[in-house]
């Protein structure tokens, strides 16, 4: 069965053009929704994925209708491939896993995507190392100054409760509790 998937990001947008295009492309059933592509939990997409069977072909008008990021696209296409489901994009005609040429193109795109992710990861790691070398401290800013931490520890030693001390500094009791662990 040829199954279409149509999506727009906002309620004000219309799905009509996509649905018409998918039906013209031979889709026997079209799943459509008005959801942001950034959402990982899209009801119509989930319903479609659950109903697909081996040999079905999913068709979209454009790749960005199925996924917002390269990683999301490859994960979704990987799930389709594992289920024995083909995939076709009408606008990006070279992305068609029902043909050997389309699988080749997708393989090349997947490799480029992995390469891109590795480059980004490498740049981020290098950037973090440079930042640390330049004295940048990562993580959340401490809620109490050094003086406040020392004062709070002294008050704890004097017998005050964590709750009372926490209230005076406007922090949670757990913040004071963690001071004792360090």
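Every number here is computed from the coordinates shown, using simple stated rules; none is lab data. What you are looking at is a predicted structure, and each value in this text was computed from that prediction instead of being measured. Neighbour counts run over all protein chains shown; Cβ positions are idealised from the backbone, glycine included.
When the Gaussian network model of the chain links Cα atoms closer than 10 Å, the mean-square fluctuations of 118, 157, 126 top out at 157. Bridge orientation summary for segment 2-99: considering DSSP beta bridges with both residues in this region, about 5 percent are antiparallel. In terms of its C-alpha gyration tensor, the chain comes out prolate, because a/c is 1.5 or above and the ratio a/b outweighs b/c. Rounded, prolate or oblate for segment 23-106? Axes are the square roots of the Cα gyration tensor eigenvalues, ordered a ≥ b ≥ c, and the cut-off for rounded is a/c under 1.5. The shape class here is rounded. Applying 1/(1 + (r/R0)^6) with r as the Cβ-Cβ distance of residue 167 and residue 98 and R0 = 41 angstrom yields a FRET efficiency of 0.05.
Please work out the C-alpha center-to-center distance from segment 1-70 to segment 143-174 and express it in whole Å. Taking the Cα centre of each part, segment 1-70 and segment 143-174 sit 55 Å apart. I want to verify a result. In a Gaussian network model of the chain, Cα cutoff 10 Å, which of these has the top mean-square fluctuation: 63, 153, 73? So, out of 63, 153, 73, the one fluctuating most is 153.
Taking a ≥ b ≥ c as the square roots of the eigenvalues of the Cα gyration tensor, segment 13-66 is oblate, since a/c reaches 1.5 or more and a/b is not larger than b/c.
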